[in-house]
1. With runs of 4+ DSSP H residues as the only contributors, calculate the mean residue ellipticity of the chain at 222 nm using -39,500 (n - 2.57) per run, divided by the residue total and rounded to the nearest 500.
2. So how do 195-204, 65-74 stack up, highest first, on mean other-Cβ count within 10 Å?
3. How much accessible area per residue does the chain have, in Å², with a 1.4 Å probe?
4. Under a plain spin-label model, where a point goes 7 Å from the Cα along Cα-to-Cβ, how far apart in nm are A126 and H89?
5. What area, in nm² and to one decimal, does the C-alpha convex hull of the stretch 2-220 cast on average over all directions?
6. Within 9 Å, Cβ to Cβ, of D211, how many net charges do the neighbouring residues add up to if Lys/Arg are +1 and Asp/Glu are -1?
7. Counting only protein heavy atoms and a 1.4 Å probe, tell me what percentage of the chain's accessible area is made up of carbon and sulfur.
8. Only bridges with both residues in the stretch 2-220 count here: give the DSSP antiparallel percent, nearest 5.
Amino acid sequence: MILTNITRRYTRIDSWFYDRFIADAVLAGTASLVEDIVAAVPAGGSVLEVGSGGGQFAVRLAEAAPALRITGVDLSREQVSRAAQRARHQPNVSFQAGSALDLSFPADRFDAAVSIGSIKHWPDQAKGVAEMLRVLRPGGLLLVVEVDRGCTLRDARSFVARFRTPRPLRAPALMGFRTYIAGQGLDLDDARKLVAPLAFTDSRVERTPADPMLLISGTKAGSS
Ligand SMILES: C[S@@+](CC[C@H](N)C(=O)[O-])C[C@H]1O[C@@H](n2cnc3c(N)ncnc32)[C@H](O)[C@@H]1O
């Protein structure tokens, strides 16, 4: 099971389960990320999503900004195929299999790089974030969202209430979320340590209001 072996590759069942019960709850909290990317990336610009899962966020971004070119990378071929199916009517979105730790793109390739709920699965989180920064052009925007290990019970409960699980399963889902998902997420110190060695002109680590999430954001140093 993915939650008891967090760096294991998502199987077909893991991918189905995440898509069916959880992905929409995550997507509901990403409106501000779409706005940030649209504000930062000019028309015709390119965006990388790392750990793109079933493609929900990439499709949402593509609908909001049809002039952007969006590439999703995910370790799981099952997820890539779900994402490709979901984005079949979006000509500006594509997905490929690959690891966050070894991105198959040249340096300075993207105007923005985003990752949502994926970093907790990476066996070397510092390497993955450094890879995202490498493929970002100077002045490009980096956004990493992960579940906050220090989240309040109230925020966790309202997030789990958005899962598509039947109501009687909410209590066990909340326990599972706190133990295996938030419990293996990032806390503020982890996130600050990840950002500290990297070349940003500005960077922030913050809790997202009313959601059990942390957001790392930054602009890659160097002139664009
Ligand atoms: C919790 S899901 C999040 C999916 C999507 N970002 C979302 O918000 O719906 C985590 C995703 O990260 C992917 N993943 C895990 N380890 C990875 C790695 N090392 N490189 C790239 N993707 C990875 C998984 O296959 C999975 O699709």
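The values are calculated or read from the model by the stated rules, or taken from the named source; none is laboratory data. In this text, all values refer to a predicted model and were calculated from it rather than measured experimentally. For neighbour counting, all protein chains shown are included, and Cβ atoms are generated from backbone atoms with ideal geometry for every residue, glycine included. Side chains included, ligands, DNA and RNA excluded: accessible areas come from the protein's heavy atoms. Shrake-Rupley method; radii C 1.70, N 1.55, O 1.52, S 1.80 Å.
1. Numbers: 9 runs with 74 residues, N = 224.
After summing the helix terms and dividing by residue count, I get -9000 deg cm²/dmol.
2. Values: 195-204: 13.5, 65-74: 21.3.
By packing density, highest mean first, the sequence is 65-74, 195-204.
3. Values: 10520 Å² over 224 residues.
For the chain, the solvent-accessible area averages 47 Å² per residue.
4. In this crude label model, A126 to H89 measures out at 4.6 nm.
5. On the way: hull surface 43.3 nm².
Taking the Cα atoms of the stretch 2-220, their convex hull projects to 10.8 nm² on average.
6. Working: positive: R207; negative: D148, D155.
Charge balance in the 9 Å sphere: -1.
7. Numbers: 5690 of 10520 Å².
Whole-percent figure for carbon plus sulfur exposure: 54.
8. Working: 14 of 34 bridges.
For the stretch 2-220, the DSSP antiparallel bridge percentage is about 40.
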